[in-house]
Amino acid sequence: MQYDVSAPTRSVYIHWPFCPYKCHYCPFVALASHDSFMTQYHKALTKEIEQFGSLAGEKIQLDTLYFGGGTPSTYPNDLLIELFDTLKKVCVFTDQTEVTIEINPGTVREGQLELWKSLGINRLSIGVQSLNDKVLHSLNRLQSARDVITLLEKAQHFFSNISVDLILGLPGISDEEWESLLHTVVTWPIAHTSMYFLTIHEDTPLYFKVKSNAVVVPCDDKMVELYYKSRDIFIRNGFDHYEISSFARPGRQSRHNTAYWERVPYKAFGLGACSFDGTKRLQNEKNLMKYIKKAESGDDCVIFMEELTDHQVNIERIMLGLRRSKGVTWCSVSSHLSAHKKMVVREKIEEFKRKQWMNESEGVLTLTPAGLALENEIIVQLC
Ligand code: SF4
């Protein structure tokens, strides 16, 4: 189950699964109270990268590199330096390479911003989510508004490309408080923000609290109303709404995420990491000890591989196109369809246009703000 090393890979993802706490809404491969495994994991990770390098032969000409997690800001400094040494054996970095690290406020230690910059990291993605300490702590997210402000004050001296993540729909945040947060965020020295809807993932502590009515989350209509208002605030303050959850100052879109949406190959390393080589989607081992064992002994870490059918590829193209302001062409939507299916889909599109969920201009279909809020439903009906 191998990634095609001859694929024109330009993007790399590194997964760092360790977190100082486990947020109650988190569905990710993230481990709290496992810090004692960091060194062992790092060694396995470097082994996996070296192994890929020796199979590939040629170095990756790196366009984007992304450290995600987990909480990559907890990567110990000396080990991170070693990791970059390994990456440089396998990848060619240039001045243009976008190198992002996800960081959680409150986890950044003295001297780390300087170190990251010296290693070539040039973009920070900060998990702000909210400035309401009480609400965040009730969700076991142990950071404070003060942590966020202190971090931004320091980070702006080192990084001009900063993104912040926000969560819309957290329980206990009033409409007024949410709007006030956004009015604050747009004054920050940031180039980008990602605003995600709170999603209740099965088997998370939040899921059980919502199920037992211990916690009440906003209804869908309220979420949509807040989404419209939020979008307006960002646009009025000079951000482009270029993807369903993403807003950027002109020219400051996330190039790494764009690689995902463009369906170009990307290689991911680490626990549970997901790669795409242009035709296959692959996922690494999700059990920490099994991953370490496999990577250290040079075995293939992939546990899942899926080769997409033409139909699945088409659905992905439509889905990834419609979530972006760039949209998707009618040609690419219809090219794989039978004459009958083409007619059915065309009728749906005309219906969406009448409902003002979709626009069509010169053969390109895009979703209106109302359509973006209903994206999932629209995709299901189209596919
Ligand atoms: S910090 Fe992020 S990855 Fe870690 S538990 Fe919280 S949401 Fe999950």
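Heavy-atom accessible area for M289, with the other protein chains in place and a 1.4 Å probe, reaches approximately 90 Å².
Which one of Y228, M38, F158 is farthest out on the positive end of the charge dipole of the range 11-261, using unit charges on Cβ (Lys, Arg +1; Asp, Glu -1) and the Cα centre as origin? In the range 11-261, that residue is M38.
Rolling a 1.4 Å probe over the protein chains gives V364 an accessible area of about 40 Å².
If you sort I173, I101, I235 by accessible surface, 1.4 Å probe, largest first, the order is I235, I173, I101.
When the chain is described by a simple charge dipole with +1 on each Lys and Arg Cβ and -1 on each Asp and Glu Cβ, the residue from V313, L113, G169 located farthest towards its positive end is V313.
Using a cutoff of 8 angstrom between alpha carbon atoms and counting only pairs six or more residues apart, the relative contact order for the chain works out to 17 percent. Residues of the range 209-250 with an amide N closer than 15 Å to a point placed 7 Å from the Cα of I200 along the Cα-to-Cβ direction: 209-223.
Ranked by solvent-accessible area (1.4 Å probe, protein heavy atoms only, all chains present), the residues D277, D221, D85 order from largest to smallest as D221, D85, D277.
Per 0.36 nm of contour for each residue apart, how much would the distance between T150 and E351 grow if the chain were fully extended, relative to their Cα-Cα spacing? Before the final figure, lay out the partial values.
Values: separation 201, 0.36 × 201 = 72.36 nm, distance 4.96 nm.
Result: 67.4 nm gained on full extension.
Given 4 °C and 1.567 mPa s, how large is the Stokes-Einstein diffusion coefficient of the chain in µm²/s, with Rh as the Kirkwood radius over Cα pairs? Translational D for this selection: 58 µm²/s.
The smallest convex shape that holds all Cα atoms of the range 208-273, its convex hull, gives 154 Å³ per residue. 3J(HN,Hα) along the range 16-30, derived from phi through the Karplus expression 6.51 cos²θ - 1.76 cosθ + 1.60 where θ = phi - 60°, amounts to 10, x, 7, 9, x, 7, 10, 5, 5, 9, 7, x, 7, 6, 9 Hz, with x in place of Gly and Pro.
The range 324-382: percent of C-alpha pairs farther apart than 16 Å? Cα-Cα pairs of the range 324-382 separated by over 16 Å account for 38 percent. Total lysine pairs in the range 11-261 at Cα distances under 25 Å, for residues eight or more apart or on different chains: 25. In this structure E316 has an accessible area near 30 Å², from a 1.4 Å probe over the protein heavy atoms.
Whenever you get a sec, line up M305, M195 from highest to lowest accessible area (probe 1.4 Å, protein heavy atoms).
Details: M305 70, M195 5 Å².
The ranking, largest first, comes out as M305, M195.
Classified by the C-alpha gyration tensor, the range 225-349 has an oblate form. Its axis ratio a/c, with a ≥ b ≥ c, is 1.5 or above, and a/b does not exceed b/c. Charge dipole of the chain (Cα centre as origin; +1 on each Lys and Arg Cβ, -1 on each Asp and Glu Cβ, all else neutral): 200 debye, rounded to the nearest 20.
The values are calculated or read from the model by the stated rules, or taken from the named source; none is laboratory data. Being a predicted model, the structure only gives us computed values, none of them experimental. For neighbour counting, all protein chains shown are included, and Cβ atoms are generated from backbone atoms with ideal geometry for every residue, glycine included. SASA here: full protein model, heavy atoms, side chains in, ligands and nucleic acids out. Shrake-Rupley method; radii C 1.70, N 1.55, O 1.52, S 1.80 Å.
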